[in-house]
Amino acid sequence: MRDVIVACDFSSAEQVLSFLDKFAACPRKPFVKIGMELYYAAGPQIVREIKARGHKIFLDLKLHDIPNTVRKTMQVLSALDVDMTNVHAAGTIEMMKAALEGLTREDGSRPLLIAVTQLTSTSQERMEKDLLIKEPIGDVIAHYAANAQEAGLDGVVCSPLEASIVKERCGKDFVAVTPGIRFADAAADDQVRITTPARAREIGSDFIVVGRPVTAAADPVAAYQRCVAEFLG
Ligand code: C5P
């Protein structure tokens, strides 16, 4: 189940499809993350099109709304037949349960459903001042992960450095999806808490999410293959 997910943060269907064309001769088709930027620009049709090309898809829309709205939205998204999607754990256990219900098809099948705990862009200071959450951020992440598990979700998105906290609290089978991946010899961009694909494997990540190190590489296929080699070993 472990895999490298390529974050296709493009703002049009043309851009993402011409990027994916580069992988036509690659024996392994990348697992693709479609986020809000591309989804809001190109709509559900781009999901169907990338799926039809044989890619697995993580639809990263981070739902956070009242339980009834999330349930009905997940019902709509389940028809897109993606492989993974997500919600914010801050929406509460009830909301996460509603998401799971909506996503589950009549035959019982469903995509993996994971929760965002605290965004990696949220610091301890902002969490305390803006959100009035006073506990240490590691405890908050572990608690949100436990809530996601109680709601029946499959795992969480977290920084690779938090994956071990999550595994300790929820067990090794609870999925950790980790962005913030950089090659040892590359720039960090705007990511702060980063690690290499090999280190992410050691820490226990199940899926790494890699954006610019692949999408902005001179040779994206070679960069992707390097991630796969380092992460999957
Ligand atoms: O280009 P880069 O490798 O930094 O892209 C990382 C991807 O993972 C982006 O799509 C970003 O939105 C996403 N992400 C993240 N940190 C989180 C959650 C998602 O970097 N906590």
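The values are calculated or read from the model by the stated rules, or taken from the named source; none is laboratory data. Treat the numbers as computed from the prediction; the structure is a model and nothing was measured. All Cβ positions, glycine included, derive from the backbone under ideal geometry; neighbour counts span all protein chains shown.
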> What are the pairs, 6+ residues apart or on separate chains, where a residue within the stretch 106-127 that is more than 12 Å from the ligand (Cβ to nearest atom) has its Cβ under 8 Å from a residue that is β-branched (Val, Ile, Thr) and in a loop (DSSP other than H, G, I, E, B)?
Replying inline: Arg110/Thr104; Pro111/Val82; Met127/Ile133
>> Is it the case, given these coordinates, that Ala145 is without any contact (Cβ under 8 Å) to a residue 60 or more places away in the chain, of a type outside the set (D, E, K, R) and within 16 Å of the ligand (Cβ to nearest atom)?
In response: yes
> Residue check: is Val166 at pLDDT 95 or above and assigned to a strand (DSSP E or B)?
Replying inline: no
> Of everything in the stretch 33-57 that's hydrophobic (A, V, I, L, M, F, W, C) and more than 18 Å from His88 (Cα to Cα), which residue is surrounded by the most Cβ atoms within 10 Å (Cβ to Cβ)?
Replying inline: Leu38
> Considering the stretch 213-233 alone, what residues qualify as being within 12 Å of the ligand (Cβ to nearest atom) and surrounded by fewer than 18 Cβ atoms within 10 Å (Cβ to Cβ)?
Replying inline: Ala216, Ala217
> Quick one: which of Val156, Val177 is in contact (Cβ under 8 Å) with a residue 24 or more places away in the chain, within 19 Å of Arg2 (Cβ to Cβ) and out of contact with any helix residue (DSSP H, G or I) (no Cβ under 7 Å at 6 or more places or on another chain)?
Replying inline: Val177
